[in-house]
C-alpha cells in the first residue's frame, strides 16, 4: 500500500512538471512571435522614448523586410495600373475572351487597373499629394514611367519623426526592359496605426532630402499616418531561411544586372586572392555566368562570427557562397569556400591526418576545376612541373578542357608516400552523367605550411 502511494505521488509530481513545462513553452512561443530580439541582428524598430531626428543606417531585419514589401506592393500596383500586372497576363489568351461572370477580359483589365490606381493614391503621403497636386485622374500619367521588373535595395537609413512614426530613406536600383536606373524613395511607417506613406524622389529633392549623411539632422515632423485601407503594414517575424534567401536573391540580381556592384560587394581579401583585378573578374563572370544563373539555394547555415553573422548558402550542385553580414544592405560576399579558408575548414584540417589533408586538398582542386577557376588550380601546380609541361595558365586551361570534364566527380585510391610526397590514383567521371567514360590520373601532392600545398599529375 505504501509503495502504491509512492507511485501515485511520483506520477502526480511528474504530471505537474509536464504541465509547468508546457506552460513555459507556450509562453516562450508567444513571446517569440512578438519579441524582435529573437531574430538575427536586431529585427524590429523600438523607440527609446526620445525622438532621434538623424539618419542612421538600418540594421533591423524586420524593418528591412517591411520596407521591401511596401516597395514591392508599390511597383506591383504600378504594373497592374499600366496593364502589365501578373493577374491580367495570367488570364489573357490570344483569340479568346475571358469571362468572369458577366465580365469580359477588357472589363476585367479596367477593373484591375482602377483598383491598382486607387491603391497607389492611398499609398502616397498626404503632404506629397497636396504639394504636387496629385489626383486619382492624373496619377497614372505621373507614375507611368515608374515601372520596375526587379529592385535591389543598396542602402536604407532610418530616422524617427515621432515616438510612433519612423521614416526610411531608401537608395536602390530598379530594372526595366534591360535598363538599370537608380531610385530614391522615402517611406514613413506609423507603428501605432500600422500604416505607411510613400514620398517619391521629386518630393525629396524639393525638401533637400535627396542627399544624406549618417547622423545628419533632418527636420521631418510626421506625428501619425492616416489609415486609408490600402496603406496598411503589419509586423512579421522573419526566419533565418528568409534572410539567407534574401542575400542569395540579391546576389543573383547583381549577377544578372549589375556585375560592377557584385565586384564591389566581394570580400576584399577574397577579391584580391581570387581575381587580383577587375578584368579577371569580368572574364570569370563571362565564362561562368550561365552556370551561375542556373543555381539556386537549397540549404543554408548561419554562423555567428562575433563581429558579423555569416550565412553559408549551398546550391543544388553542392557549391557554397558565403555572406558576411552586418545588415541586409551591409555585407560582403565570398563566391566559394576554397579560395580562402573558413575557420571550420582550418580547424578540421589541423586535426586531420596527413592523408586526410591530401584528400581535403584534392577536393579543393576539383571544386575549383568544376567552377572553371583554372587560375586557382594552376597556381597550385609545382613550379618544376609547370616549367616542363604547362608553361602558362592558358596552356593548362586548354589541357584541362581536353582532359577533364566540365563537372568532375572524383574517387581517390591507393595512397602511397614517398618522402614528403603523397601519391594517389584518381578516377574521374562526368558528374552530369552525360559521358559514361572515366579518366584516370596519378596525383602527386606535397603539403606546405598551414593549409598550403603544391601538386602535379600524370600528363
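Please go through the stretch 293-329 and pick out each residue that is out of contact with any helix residue (DSSP H, G or I) (no Cβ under 6 Å at 6 or more places or on another chain), surrounded by 14 or more Cβ atoms within 10 Å (Cβ to Cβ) and not in a strand (DSSP E or B).
Answer for the stretch 293-329, where residues must be out of contact with any helix residue (DSSP H, G or I) (no Cβ under 6 Å at 6 or more places or on another chain), surrounded by 14 or more Cβ atoms within 10 Å (Cβ to Cβ) and not in a strand (DSSP E or B): 295, 308, 317, 319, 326, 327, 329.
Please enumerate the residues belonging to the stretch 255-276 that are part of a helix (DSSP H, G or I) and in contact with a strand residue (DSSP E or B) (Cβ under 7 Å, 6 or more places away or on another chain).
Scanning the stretch 255-276 gives 257, 265, 270.
Can you tell me which residue among 131, 149 is surrounded by fewer than 16 Cβ atoms within 10 Å (Cβ to Cβ) and either in contact with a strand residue (DSSP E or B) (Cβ under 9 Å, 6 or more places away or on another chain) or free of Cβ contacts under 8 Å to residues at least 24 places away in the same chain (or both)? Break it down into steps so the answer makes sense when it comes.
Details: 131 fails: either in contact with a strand residue (DSSP E or B) (Cβ under 9 Å, 6 or more places away or on another chain) or free of Cβ contacts under 8 Å to residues at least 24 places away in the same chain (or both).
Checking each option against the conditions leaves just 149.
Would you please name the residue that is farthest from residue 431 (Cα to Cα), looking only at residues in the stretch 330-355 that are under 18 Å from the mean Cα position of the chain (by Cα) and in a loop (DSSP other than H, G, I, E, B)?
330
Looking at (1) touching a residue at least 12 places away in the same chain (Cβ under 8 Å); (2) surrounded by fewer than 18 Cβ atoms within 10 Å (Cβ to Cβ); (3) out of contact with any helix residue (DSSP H, G or I) (no Cβ under 6 Å at 6 or more places or on another chain); (4) in a helix (DSSP H, G or I), find the lone condition where residue 358 falls short.
If we test residue 358 against (1) touching a residue at least 12 places away in the same chain (Cβ under 8 Å); (2) surrounded by fewer than 18 Cβ atoms within 10 Å (Cβ to Cβ); (3) out of contact with any helix residue (DSSP H, G or I) (no Cβ under 6 Å at 6 or more places or on another chain); (4) in a helix (DSSP H, G or I), just (2) comes out false.
If I filter the stretch 412-421 for residues that are surrounded by 14 or more Cβ atoms within 10 Å (Cβ to Cβ) and not in a strand (DSSP E or B), do I get at least one hit?
No, because not a single residue in the stretch 412-421 is surrounded by 14 or more Cβ atoms within 10 Å (Cβ to Cβ) and not in a strand (DSSP E or B).
Could you check, for the stretch 263-275, whether at least one of its residues is surrounded by fewer than 18 Cβ atoms within 10 Å (Cβ to Cβ) and more than 20 Å from residue 373 (Cβ to Cβ)?
Checked the stretch 263-275: at least one residue is surrounded by fewer than 18 Cβ atoms within 10 Å (Cβ to Cβ) and more than 20 Å from residue 373 (Cβ to Cβ).
Are any residues in the stretch 361-383 in contact with a helix residue (DSSP H, G or I) (Cβ under 7 Å, 6 or more places away or on another chain) and without any contact (Cβ under 8 Å) to a residue 24 or more places away in the chain, and if so, which ones?
The answer is 377, 378.
Read-outs: derived from the displayed coordinates by stated rules, not from any lab. Here the structure is a predicted model, which means the values were calculated and not measured. When we count neighbours, we look across all protein chains shown, and the Cβ atoms used for this are built from the backbone with ideal geometry, even at glycine.
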